[in-house]
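The values are calculated or read from the model by the stated rules, or taken from the named source; none is laboratory data. None of the values given here were measured: they were computed from a predicted structure. Because the Cβ atoms are built from the backbone with ideal geometry, glycine has one as well, and the counts that use them run over all protein chains shown.
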Amino acid sequence: MKTIDEIIRDNRDFFEEEPGEGHLERFNRKLESRFHAGSIKRSIVPYLLKAAVVTLLITLSSLWTWDHFVSPERSRMALGDVSPQYREVENYYLHQVNLMESEIGTINISGNPEQKKMLNSELRSMDSVYVQLQKELKANPDDERIINAMIEHYQTKVEVMNFIVNQLKSIRNENQNTPEDEKVSI
């Protein structure tokens, strides 16, 4: 069997022949058509802009989420942050509110879930007012009007909760003293 070297030596005349006219142009066209078929030259700039916009949106949404959900206390200020005296006042009222909440929880108001839902909604709306006051205090920490409004808010909340507890107790007592078919649902 002949090796490649022997084949080339035996056919030297064939290999030394120059290709015909236009051979290189046809060859280049065929190469271009194979390697660039269906592809259009595109710029990378639009892709970079899209990537930059997506990165910016992700960063901004992450910051917004962090600011509003993960770290909301950063935008608020409590009474206890103003002075130690106000911390004592705040602790007293927080203790009173917690006592009232536990007392409301012990009174059975399962007879009417709509009333329970309404009560929870009202208490949450009172809390949202207090959160707004905390934000205002953060913006103006030396404003006595905001501090007084926060204290009044606690006083009002304790009074309202006390009133609710008394009403629930009176309804419960009425239900215990009335016959079974005349009971008012709590």
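Show the residue pairs that are 6+ apart or on different chains and have beta-carbon atoms under 7 Å apart, the first residue being within region 118-133 and farther than 17 Å from Ile164 by Cβ and at pLDDT 85 or above, the second being β-branched (Val, Ile, Thr) and in a helix (DSSP H, G or I).
Leu133/Ile146
Determine the pairs where a residue that is among the hydrophobic types (A, V, I, L, M, F, W, C), located within region 59-82, has a partner that is modelled with pLDDT of 80 or more with Cβ atoms under 6 Å apart, the partner being 6 or more residues away or on another chain.
Met77/Gln134; Met77/Leu137; Met77/Lys138; Leu79/Tyr86; Leu79/Glu90; Leu79/Met150
Output the qualifying pairs, or none if there are none: Cβ atoms under 9 angstrom, residues six or more apart or on different chains, first residue in region 148-164 and aliphatic (A, V, I, L, M), second residue not in a helix (DSSP H, G or I).
Met150/Ala78
Read through the list (1) modelled with pLDDT under 85; (2) touching a helix residue (DSSP H, G or I) at 6+ places or on another chain (Cβ under 8 Å), then give the number of the only condition that Val158 fails.
Checking Val158 against (1) modelled with pLDDT under 85; (2) touching a helix residue (DSSP H, G or I) at 6+ places or on another chain (Cβ under 8 Å), the one that fails is (1).
Arg26 - would you say it is assigned to a helix (DSSP H, G or I), modelled with pLDDT under 85 and not hydrophobic (A, V, I, L, M, F, W, C)?
Working: assigned to a helix (DSSP H, G or I): yes; modelled with pLDDT under 85: no; not hydrophobic (A, V, I, L, M, F, W, C): yes.
Answer is no for this residue.
Among Leu60, Leu99, which is within 30 Å of Val131 (Cα to Cα), modelled with pLDDT of 80 or more, aliphatic (A, V, I, L, M) and surrounded by 11 or more Cβ atoms within 10 Å (Cβ to Cβ)? Full working, then the answer.
Values: Leu60 fails: surrounded by 11 or more Cβ atoms within 10 Å (Cβ to Cβ).
One residue alone meets the criteria, Leu99.
Taking the condition outside any helix (DSSP H, G or I), touching a helix residue (DSSP H, G or I) at 6+ places or on another chain (Cβ under 6 Å) and either at pLDDT 80 or above or within 30 Å of Asp142 (Cβ to Cβ) (or both), does Met77 pass? Write out each step before concluding.
On the way: outside any helix (DSSP H, G or I): yes; touching a helix residue (DSSP H, G or I) at 6+ places or on another chain (Cβ under 6 Å): yes; either at pLDDT 80 or above or within 30 Å of Asp142 (Cβ to Cβ) (or both): yes.
Against the criterion (outside any helix (DSSP H, G or I), touching a helix residue (DSSP H, G or I) at 6+ places or on another chain (Cβ under 6 Å) and either at pLDDT 80 or above or within 30 Å of Asp142 (Cβ to Cβ) (or both)), Met77 qualifies.
Among the numbered conditions (1) within 30 Å of the chain's Cα centre (by Cα); (2) loosely packed, with under 11 Cβ neighbours inside 10 Å; (3) modelled with pLDDT under 85, tell me where Asn140 comes up short.
(2)
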